[in-house]
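Heads up, the thing below is written out as structure tokens.
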Amino acid sequence: MADSGASDDEVVFEIEHCIRFFKNGRVERFFGSDPVPASTDAATGVASKDRAISPNVSVRLYLPPAAKEAGDNGGKKKVPVLVYFHGGGFCLHTAFNFVFHGYLSSLAARTGAIVVSVDYRLAPEHPIPAAYEDAWQAVVWVASHASGSGEESWLADHADFSRLCLAGESSGANIAHHMAMRAGTEELPHGARIRGIALIHPYFLGAGKVPSEDNDPVMAKNVVTMWSMVCPGTTGVDDPRINPLAAGAPALDALACGHVLVCVADKDVVCDRGIAYGEGLRASGWAGEVEILEVAGQGHCFHLVDFACADAVTQDDAIARLVLVRPLEKETKTLLGEVHCIPVFSVGEMSSSFGTFSGLDSCPFCSGESLKKVRSRLIYCQITWLSLS
């Protein structure tokens, strides 16, 4: 019996300085498990608070200063909503640790959105699909405020549910994808719809080697083993939960949103998996718009190490564009006696019209801000879109 006990306490898998799994089911986590209290961030003015929405699921809400401004006709200002799922291979971190608290305070300030950060149950104590179930419960809870009422005043008073987006990094990006797929088969309360999703360095796998795995062959092997530890019932790396492109996976054209941003870092072992996902989505017949943003010279979740660095800001700016643009069908504005069509996003499609600016090099509606081009298909000015909305 003594030998059996010793065997049960054997380490069966370890990622150095991160996590250790034991045969008897015990797990040791070396960082990311200690929460910091909700607060008002001195640098950004973003306020935060926590709410338990069930015995298993809690969220931390971040309210940007923009939400405190007066809205139209003196009413309360409405701002976008971003539901965020943290990463950590489904087995690490609380959503309330100091890294995510700092990053999401910054992201709420940059996007001007209410950010709802979800603290879901972790494997191996709660193996997959527990994280998916908890995440869906959180999305449904957020959407329950879409009627303008509900238990959380920040959402009831300030949330613009025409700009409801999901995001996450690593395993959190995996979760965001699956939530958007589930929203295609299960209705959200009050007719709420997911406008877009941002998948940051998504944790996807698949059979066959991809070149980005050569960035760190040991880590490439570890992320495969880790999947089997957090999802004991898996069929392997072509399980549709970890490989949305696998044969037998639900068709991607059912993804229930209009816009997808995939962020990858070229030194990340899962970089090529993320690119393949974006390209597969484009080829699937899905009616939405995909943007793939690749950052050179950076590794997995680099932005959490320094979310003020130039590459992190570029990445967050792309998330802000996804979140901020209001889904209007069409707006017109008169300039110098002419009518100028301002192309904007609509749900599930990209307007094919282009604005006419009489050859101007700057936007005539927003104090000279430069016009921007997105994937050579659309000329727009973000500030103009916001003012027109």
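Laid out as a table, the results:
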{"read-out": "Counted residues, region 246-267 - those being on the phi < 0 side of the Ramachandran plot and touching an Asp or Glu at 6+ places or on another chain (Cβ under 9 Å)", "value": "13"}
{"read-out": "Qualifying residue in region 136-151 (condition: within 24 Å of residue 50 (Cα to Cα), touching a residue at least 12 places away in the same chain (Cβ under 8 Å), of a type outside the set (A, V, I, L, M, F, W, C) and not in a loop (DSSP other than H, G, I, E, B))", "value": "yes"}
{"read-out": "Residues of region 16-52 satisfying the condition of being β-branched (Val, Ile, Thr) and open to solvent by 50 Å² or more (accessible area, probe 1.4 Å)", "value": "40"}
{"read-out": "Any hit, region 97-118, residues being open to solvent by 20 Å² or more (accessible area, probe 1.4 Å), in contact (Cβ under 8 Å) with a residue 12 or more places away in the chain and touching a Lys or Arg at 6+ places or on another chain (Cβ under 7 Å)", "value": "no"}
{"read-out": "Subset of region 84-125 [more than 15 Å from the chain's Cα centre (by Cα) and among the aliphatic types (A, V, I, L, M)]", "value": "92, 99, 109, 122, 123"}
{"read-out": "Subset of region 270-287 [assigned to a loop (DSSP other than H, G, I, E, B) and buried (at least 24 other Cβ atoms within 10 Å of the Cβ)]", "value": "270"}
{"read-out": "Considering residues of region 232-246 that are in contact with a helix residue (DSSP H, G or I) (Cβ under 7 Å, 6 or more places away or on another chain) and farther than 20 Å from residue 185 by Cα only, the residue surrounded by the fewest Cβ atoms within 10 Å (Cβ to Cβ)", "value": "234"}
{"read-out": "Failed item in (1) out of contact with any strand residue (DSSP E or B) (no Cβ under 6 Å at 6 or more places or on another chain); (2) in a strand (DSSP E or B); (3) crowded, with 24+ Cβ neighbours inside 10 Å, with residue 174 passing the rest", "value": "(2)"}
{"read-out": "Subset tally (residues that are open to solvent by less than 20 Å² (accessible area, probe 1.4 Å) and not in a loop (DSSP other than H, G, I, E, B)) for region 193-217", "value": "6"}
{"read-out": "Number of the condition not met by residue 190 [criteria: (1) surrounded by fewer than 22 Cβ atoms within 10 Å (Cβ to Cβ); (2) in a strand (DSSP E or B)]", "value": "(2)"}
{"read-out": "Residue that is assigned to a helix (DSSP H, G or I) and either open to solvent by less than 10 Å² (accessible area, probe 1.4 Å) or free of Cβ contacts under 8 Å to residues at least 24 places away in the same chain (or both), where the choices are 220, 249, 167, 156", "value": "156"}
{"read-out": "Check on residue 302, aromatic (Phe, Trp, Tyr), free of Cβ contacts under 8 Å to residues at least 40 places away in the same chain and surrounded by 16 or more Cβ atoms within 10 Å (Cβ to Cβ)", "value": "yes"}
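So that you can scan it fast, the table gives a plain yes or no per residue for (1) of a type in the set (Ser, Thr, Tyr); (2) out of contact with any Cys (no Cβ under 8 Å at 6 or more places or on another chain):
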site	(1), (2)
234	yes, yes
241	no, no
249	no, yes
256	no, yes
279	no, yes
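The values are calculated or read from the model by the stated rules, or taken from the named source; none is laboratory data. The model shown is predicted, which means the values in this text are computed figures rather than measured ones. Glycine gets a Cβ as well: all are built from the backbone with ideal geometry, and neighbour counts include every protein chain shown. Surface areas here come from the heavy atoms of the whole protein model, side chains and all, with no ligands, DNA or RNA. Shrake-Rupley method; radii C 1.70, N 1.55, O 1.52, S 1.80 Å.
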